[in-house]
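Take a look at the structure below.
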Amino acid sequence: MTVCQRRNTRQRQVVLEELRAENCHPTAAQLYDRVRQRLPRISLGTIYRNLDILEETGQCVRLCGSASAEARFDGRIEPHLHHQCRACGRVRDLETMLPVLDDMIGRNVEDHRVDSFTLIFHGVCAGCRS
């Protein structure tokens, strides 16, 4: 079955709804805890499978964690920037855009076509600094 032929299951729809419900960029385990409140019999493996499908079909973005951190997932698929706090680990969307990055979409860079980007700035968030 190709990606475009996948049927949208109730489980996948709930995973996507919970992923898009808040701007918290959850890990699969955090998303599992949230989805279980609506679908108590869902397994963590089902969460991972559905996140893989949602990523393949362009409905979510996987934000790779550092060597010691799990990947986080973002239901906001339009290009945007992120900030990950080195103190608390939270990932937040940044509304500031860098025009040079937007200009890269649809272009070839070193013979590679650019369709999207994921950029994470690292530092300390405002909450942890105060």
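Worth a mention:
- Annotation: of all residues in region 57-113 being among the basic types (Lys, Arg) and in a strand (DSSP E or B), the one that is surrounded by the most Cβ atoms within 10 Å (Cβ to Cβ) is Arg72.
- Scan region 2-43 for residues that are under 28 Å from Gln84 (Cβ atoms), hydrophobic (A, V, I, L, M, F, W, C) and not in a helix (DSSP H, G or I) and the total you get is 2.
- Residue that is farthest from Arg49 (Cα to Cα), among those in region 1-34 that are of a type in the set (Val, Ile, Thr) and modelled with pLDDT under 90: Thr2
- Within region 95-126, the residues that satisfy the criterion of being under 18 Å from Arg62 (Cβ atoms) and within 18 Å of the chain's Cα centre (by Cα) are Asp115, Ser116, Phe117, Thr118, Leu119, Ile120, Phe121, His122.
- Take the conditions (1) at pLDDT 85 or above; (2) of a type outside the set (S, T, N, Q); (3) in contact with a His (Cβ under 8 Å, 6 or more places away or on another chain); Gly106 misses just one of them, which is (3).
- All positions within region 34-82 that are at negative phi and of a type in the set (Gly, Ala, Ser): Ser43, Gly45, Gly65, Ser66, Ala67, Ser68, Ala69, Ala71, Gly75
- Counted residues, region 114-125 - those being at pLDDT 85 or above and part of a loop (DSSP other than H, G, I, E, B): 4
The values are calculated or read from the model by the stated rules, or taken from the named source; none is laboratory data. Everything numeric here is computed off the predicted structure, so don't read it as measured data. Every residue, glycine as well, gets a Cβ built from its backbone with ideal geometry; the counts of neighbours run over all protein chains shown.
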